[in-house]
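This report refers to the structure that appears directly beneath it.
Bear in mind these aren't lab numbers, they're just calculated from the coordinates by the rules spelled out. Note that the coordinates shown come from a computational prediction; the quantities given were computed from them, not determined experimentally. With ideal geometry, Cβ positions are generated from the backbone for all residues, glycine too; neighbour counts draw on all protein chains shown.
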Amino acid sequence: MSCPVIILVEPQLVENIGMTARAMMNCALTELRIVNPRDPWPLGDVHHQRMMAASSGADDILQNAKLYATLPEALADLNYIYATAARTHDMTNRILTPRTALPEMAERIQGGQKVGVMFGRERTGLYNDEIAFANAKITIPLNPAFSSLNLAQAVLLVGYEWYQTQNNTPGSQLHMGHTRPATHEEYLYFYGRLEKALDERGFFVAEDMRPTMTRSLQNMLQRAEMTEQEVRTWHGVLSALIGQRRAPDAGENGDR
Ligand code: SAH
């Protein structure tokens, strides 16, 4: 799938261009356009090296970056344009957070539109007549008393929300290496051995308490979300405590 075009308008510091490329690559954004940078391109050796160092290996993005003399040229082929700004300007404009804007962008792109996001100069941001080129504005909600971000960091936060629209990483997952979650049968088998061993040693003093104790122990075991390996370890613990080397009939599930 294609992705939003990142447009840097008159960036002043080559380090920020390099860090923008890095942020873009982190977020699987590929297309960078640079409008009239302060240091003329092609960059001299020193500036070039500083940019490359800041990009930390995101060379592809810089090599494929397109240079434009004016903003209208950089926007010419786009169907929908977003301007980013920390400040509110005295204009009627739709203002979105990245969290809202990026899913919307993804839908537009899926619908075949070419979409771009403009970022302004480090010192003065985007001018009003540049923001006027945009169909909508994105403001990253931050501390109102200190909301202006470094240019590349602003690109990163927008890029981050882009990546979230393309990514299905579960919010929480149990990393288990080479094992797997225990099955209900494995729990029950272990619980059966445990209950039998406890029973033989007089744990259930009052028979009428047995159902409550059973439920409570089973509940604890279930909540532990044990892996198959962990259940085997508990079989081993139990066997050691009751003086038995191997769980009866446990086969592969026996203690290790
Ligand atoms: N001093 C400038 C800030 C420039 S920061 C000003 O007051 O406008 C460089 C660029 O980073 C901005 O032009 C904008 O594109 C982006 N940026 C910085 N902070 C942002 C924020 N909170 N929300 C959206 N974009 C932001």
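All other residues whose Cβ lies under 13 angstrom from that of LEU43 are scored, Lys and Arg at +1 and Asp and Glu at -1, for a net of -1.
So, counting K/R as plus one and D/E as minus one, what does the shell of residues with Cβ under 12 Å around PRO11 add up to? Net charge around PRO11: 0.
Full extension of the segment from ASN26 to HIS178, taken as 0.36 nm per residue of separation minus the current Cα-Cα distance, would add 51.9 nm. Over all pairs of different C-alpha atoms in the range 83-165, the reciprocal of the mean inverse distance, the Kirkwood hydrodynamic radius, equals 13.2 Å.
Can you give the log10 of the normalised intensity I(q)/I(0) at q = 0.12 Å⁻¹, computed with Debye over equal Cα scatterers of the range 184-250? Values returned for q = 0.12 Å⁻¹ are -0.31.
Extension gain, ILE95-PHE133: 0.36 nm per intervening residue step, less the Cα-Cα distance, totals 12.3 nm. The residue list ALA65, TYR82, ILE7 was ranked by how far each Cα lies along the charge dipole of the range 5-166 toward its positive end, using unit charges on Cβ atoms, and TYR82 comes out on top. For ARG33, the residues whose modelled amide H falls within less than 5 Å of its own, excluding neighbours fewer than 5 places apart on the same chain, are ILE6, ILE7, LEU8, LYS66.
Between the range 177-232 and the range 23-40, what is the separation of their alpha carbon centroids in Å? If you average the Cα positions of each part, the centres end up 58 Å apart.
In the chain, one over the average inverse separation of all distinct C-alpha pairs is 22.7 Å, which is the Kirkwood hydrodynamic radius. Here each label is just a point 7 Å from Cα along the line to Cβ, and for ASP60 and ASP199 those points are 6.3 nm apart.
Considering every Cα-Cα pair within the range 111-256, what fraction, in whole percent, is farther apart than 19 Å? Roughly 70 percent, once rounded to a whole number.
May I ask you to list the residues of the range 118-162 whose amide nitrogen lies under 16 Å from a point 7 Å from Cα along the Cα→beta-carbon direction of ASN79? Only 135-136 fall inside the zone, counting backbone N under 16 Å.
Of the DSSP H helices in the chain, those with a Cα length along their own long axis of 20 Å or more and a mean Kyte-Doolittle hydropathy reaching -1.0 comprise 151-165, 228-242. Taking the charge dipole of the chain about its Cα centre, with +1 at Lys and Arg Cβ atoms and -1 at Asp and Glu Cβ atoms, the residue from HIS235, ASN143, THR183 reaching farthest to the positive side is ASN143. Neighbours of ILE140, meaning other residues whose beta-carbon lies under 13 angstrom from its beta-carbon, give a summed charge of +2 when Lys and Arg score +1 and Asp and Glu score -1. If the Kirkwood radius is taken over C-alpha pairs of the range 14-131, then at 20 °C and 1.002 mPa s the Stokes-Einstein diffusion coefficient equals 138 µm²/s.
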